[in-house]
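J.: Here it is, the structure in full.
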Amino acid sequence: MSVAAVTAVVVTFNRRDLLAESLTALLAQTRVPDRIVVVDNASSDGTAAMVRDRFPDVDLLELPRNVGGAGGFGAGMARALDRRADLLWLLDDDTVPEPGALRALLDARGRATADDGAPTLVASRVVWTDGRDHPMNTPRAKPRVPAAEREVAQAAGCVPIRSASFVSVLVDAAVVRERGLPVADYFLWNDDFEFTTRLLRGRRGLLCPDSVVVHKTRAFGGTETDPGDRFFYEVRNKIWLFTGSPGLSPPERVLYAGSTLRRWSRTFAASSDRTVLRRALLRGIRDGVLSRPRPTAALLRDVGVNAEVDVVNDASRSVDEPPRS
């Protein structure tokens, strides 16, 4: 059996020192990625020069403007897929994986291979700098898991999940080719939720507790932490997701929409400036209802990236039409 080629994709914007720490940890893995792609979202802090100087073997993709995490991961995945990657390891630039993180993901993937093949994705356990599980990056557990699927997951020391974050997740490249890249026009927030639920609809995903990464955010907290003006992206993108993504079934859209409204209520309750949040909410509702995401391939073409692998993300499919399996 041939060994799967793993390409790590890291998206960065003006976090040169954290990126250097992340890349150092990637190269210190007990199973080093076969290739590392760094997507620099037009940083102004010398990030690109640092990568060229300190990490010359890294494949550096410099974008002419900031297309956000969504566009950055789309660009990086397109680059990796063009170079025939088998597996994509997706990481934020403030993610520092422990030495055995990638090997644990690969081992879990192998142990969880069943009659339907290997799981589509395997996510790491994400902790904060003090070792606590980071609430911002907790994968959503998969509801109503069939007994056989649960047994396979438990035998691999894993938990079935319905979605994961881009902080550290190992994804089957063949499924990305089939179901498409992240929706680049999300810019930030909910892009990983939309992408992973779309990949996992009708397929298996796992959380691997043995794979640990440290997410070095400035503060410890969940998604309800006061977001200020960026709440606009949360609202707009959730409306786009619930009304246009094929990743969720109709019952799931109702379930997650309800949990979203509860989380928004907590966000308002904890906010120090509800006027800013209210303004962002109204803008998000307006844009979410009156607009649709631009095609990912077209958006990335504007920044010089060929993304023709993106065959699903044109926002033209019916929300009730499941992805091809």
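J.: Sort 22-29, 3-10 by packing, meaning the average of other beta carbons within 10 Å per residue, with the highest value first. All intermediate terms of the calculation are to be shown ahead of the outcome.
T.: Values: 22-29: 18.1, 3-10: 21.4.
By packing density, highest mean first, the sequence is 3-10, 22-29.
J.: Roll a 1.4 Å probe over the protein chains and send me the accessible area per residue for the chain in Å². Walk me through the numbers on the way to the answer.
T.: Working: 14080 Å² over 325 residues.
Per residue, the chain has 43 Å² of solvent-accessible surface.
J.: Now a separate question. Please report the antiparallel percentage of the DSSP beta bridges confined to the chain, to the nearest 5. Spell out each step's value before the answer.
T.: Values: 16 of 39 bridges.
The antiparallel proportion sits near 40 percent.
J.: Let me ask something else about it. With each pseudo-label sitting 7 Å past Cα toward Cβ, what's the Gln154-Arg65 distance in nm, one decimal?
T.: With each label point 7 Å from Cα toward Cβ, the separation is 5.3 nm.
J.: Another question about this same structure. Could you tell me whether the range 164-290 comes out rounded, prolate or oblate from its Cα gyration tensor? Rule is a ≥ b ≥ c as square roots of the eigenvalues, rounded for a/c under 1.5, then prolate if a/b exceeds b/c, otherwise oblate. Could the numbers behind the result be given before it?
T.: Values: a/c = 1.99, a/b = 1.35, b/c = 1.47.
Since a/c reaches 1.5 but b/c is at least a/b, the shape of the range 164-290 is classed as oblate.
J.: Which of the three applies to the chain, rounded, prolate or oblate, going by the alpha-carbon gyration tensor with a ≥ b ≥ c and a/c under 1.5 meaning rounded? Display every interim value, and only then the final one.
T.: On the way: a/c = 1.30, a/b = 1.10, b/c = 1.18.
Rounded shape, in that the Cα axes give a/c under 1.5.
J.: Sticking with this one: Please give me the summed charge of the neighbours of Gly131: other residues whose Cβ is under 12 Å from its Cβ, Lys and Arg +1, Asp and Glu -1.
T.: Values: positive: Arg125, Arg132; negative: Glu98, Asp130, Asp133.
Result for the local shell: -1.
J.: Can I ask one more? Which value in nm describes the separation of the simple spin-label points at Asp86 and Asp229, placed 7 Å from the Cα toward the beta carbon?
T.: Reported label-point gap for Asp86 and Asp229 is 4.6 nm.
J.: Counting only complete DSSP H runs, which helices of the chain cover 18 Å or more along their long axis at the Cα atoms and score a mean Kyte-Doolittle of 0.0 or above?
T.: Working: long enough: 68-82 (21 Å, 0.35); 231-244 (19 Å, 0.16); 250-270 (30 Å, -0.49); 274-290 (24 Å, 0.14).
For the chain, where a helix must reach 18 Å along its axis and average at least 0.0, the hits are 68-82, 231-244, 274-290.
J.: Tell me, in nm to one decimal, what length is gained between Ala4 and Arg294 on full extension, where the rule is 0.36 nm per residue of separation less the Cα-Cα distance?
T.: Working: separation 290, 0.36 × 290 = 104.40 nm, distance 3.31 nm.
The Ala4-Arg294 span can extend by a further 101.1 nm.
The values are calculated or read from the model by the stated rules, or taken from the named source; none is laboratory data. Just so it is clear, the model here is predicted, and its values are computed rather than measured. Glycine gets a Cβ as well: all are built from the backbone with ideal geometry, and neighbour counts include every protein chain shown. Accessible surface is based on the protein model in full, side chains and every heavy atom, while ligands, DNA and RNA are left aside. Shrake-Rupley method; radii C 1.70, N 1.55, O 1.52, S 1.80 Å.
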